[in-house]
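Input: a single structure, listed below in structure tokens.
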Amino acid sequence: MDVKKIYMDADALLEGHFLLSSGNHSGYYLQSAKVLEDPKTAKLLAEALAAQIRDYDLVVDTVCSPAIGGLIAGFALATALDCRYIFTERVGGEMTLRRGFEVKEGEKILICEDIITTGGSAMEAAAEIERLGAEVVGFAALANRGFCRRIGSDIPRKPNCKLPDDKPFFALADFDFEMYSPEACPLCAEGSEAIKPGSRGN
Ligand code: ZN
């Protein structure tokens, strides 16, 4: 499956000067929502991800996504895995489980994002799930930005990956674009301003 082509075809791989949620800048941005606006594509991607997870023999009771980015990918993955689906959301900056969602002691939960960059939001969701007594058994995303090591890829784990190295991380592709700290950003040096994706019609 050529995930990069799927993103390109859906205009979901943007070129410009972007401020990422991590605070870093990049010349590229992945707008997964554009890929997932076609439910058939979402289903296709989720089924490929679910096949990887089944091949690994990972037992998953529930998929949990951090809102908003992970919602559609997580729902599609839970559908493909035929399991329960819940999500966490930020309230006053804190990742929390709301809306009457509950988890059981020892329930096996897979955290699913659209894209894993350093895994910050995924880890906040995982911390909340574990605080409530369930077990986080792994992580999944449609694509990996190249900081964490996914199952089946030789791209090594980088020091700023926040995902634990003792739990599997499943993704369909590596999108290993360069990112820069604002101080070292060559696009800033050229005088342009980094924009937050989604804030100006993208
Ligand atoms: Zn910049």
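A Cβ-based charge dipole, computed about the Cα centre of the chain with Lys and Arg at +1 and Asp and Glu at -1, lands at about 200 debye.
Averaged per residue, the chain has 51 square angstrom of accessible surface, using a 1.4 angstrom probe with ligands and nucleic acids left out. Between Ala48 and Ser22, the modelled label-to-label distance comes to 2.3 nm, taking each label 7 Å out from Cα in the direction of the beta carbon.
If R0 is 22 Å, the Cβ-Cβ spacing of Leu187 and Asp165 corresponds to a FRET efficiency of close to 0.10.
Of the residues Gly92, Gly133, Gly70, which exhibits the maximal mean-square fluctuation in a Gaussian network model of the chain defined by a 10 Å Cα contact cut-off? Of the options given, Gly92 has the highest mean-square fluctuation.
Taken along its principal axes, the alpha carbon cloud of the chain reaches lengths of 53, 37, 33 Å, longest axis first. Loop-located trypsin sites (Lys or Arg not before Pro) in the stretch 52-151 (DSSP state not H, G, I, E or B) with no more than 16 neighbouring Cβ atoms inside 10 Å: Arg98, Arg99, Lys104.
Would you mind giving the three semi-axes, in whole Å and largest first, of the ellipsoid equivalent to the stretch 83-202 according to its Cα gyration tensor?
For the stretch 83-202, the semi-axes come out at 29, 19, 12 Å.
Using the Karplus relation 6.51 cos²θ - 1.76 cosθ + 1.60 with θ = phi - 60°, the per-residue 3J(HN,Hα) values for the stretch 145-150 come to 7, x, 9, 9, 9, 8 Hz, with x marking Gly and Pro. Listed by chain and number, the lysines whose alpha-carbon sits under 26 Å from that of Lys40, ignoring those within fewer than 8 places in the same chain, are Lys4, Lys5.
Considering helices alone, the calculated mean residue ellipticity of the chain at 222 nm is -8000 deg cm²/dmol, with DSSP H runs of length four and up weighted by -39500 (n - 2.57) and normalised per residue. Partnerless cysteines in the chain, where a partner means another cysteine C-beta under 4.7 angstrom, comprise Cys64, Cys83, Cys112.
Ratio of Rg to Rh for the stretch 1-97, alpha carbon only, Kirkwood?
1.01
Once both labels are positioned 7 Å from their Cα atoms along Cα-to-Cβ, the gap between Lys196 and Thr96 label points is 2.1 nm. The loop-placed GluC sites (Glu not before Pro) in the stretch 120-202, going by DSSP, that have at most 15 neighbouring Cβ atoms within 10 Å of their Cβ come out as Glu178, Glu190, Glu193.
The values are calculated or read from the model by the stated rules, or taken from the named source; none is laboratory data. For clarity, every value in this text was computed on a predicted model and none was experimentally measured. All Cβ positions, glycine included, derive from the backbone under ideal geometry; neighbour counts span all protein chains shown. The area values use the complete protein model at the heavy-atom level, side chains included, leaving out ligands, DNA and RNA. Shrake-Rupley method; radii C 1.70, N 1.55, O 1.52, S 1.80 Å.
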